[in-house]
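Notes to accompany the following structure.
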Amino acid sequence: MKQFFKEIYGVGIIFFYYMKWLILLGLPLLYFGLDYNSNTVMNVLWWYSLALVVKDFIYLVILKKKFGE
């Protein structure tokens with residue numbers, strides 16, 4: 001069971017590393033530009049992608065300035 005969770009965690013990292021920007025920018029385009037119906041699962045994925053982008057911003061910009069790396 002522990003191996004299963006490690007694999008799921010790894011797949012999630014790889015998936016969202018490449019898909020976060022596509023989901024973050026594409027979903028509003030689908031909803032407002034192309035009049036798609038709202039989807040709860042995609043809304044949750046959008047919020048998760050937004051949190052990942054904010055985390056990346058904090059790590060890359062703010063912490064680099066603070067620690068001078």
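The values are calculated or read from the model by the stated rules, or taken from the named source; none is laboratory data. What you see is a predicted model; the values in this text were computed from it and never measured. Don't worry about glycine lacking a Cβ; one is built from the backbone with ideal geometry, like all the others, and counts go over all protein chains shown.
Values for this structure:
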item: Qualifying residue in segment 15-30 (condition: exposed (fewer than 10 other Cβ atoms within 10 Å of the Cβ) and modelled with pLDDT under 90); result: yes
item: S38 among the small types (G, A, S) and either at pLDDT below 85 or exposed (fewer than 10 other Cβ atoms within 10 Å of the Cβ) (or both); result: yes
item: In segment 19-69, the residues that are hydroxyl-bearing (S, T, Y) and in contact (Cβ under 8 Å) with a residue 12 or more places away in the chain; result: Y48, S49
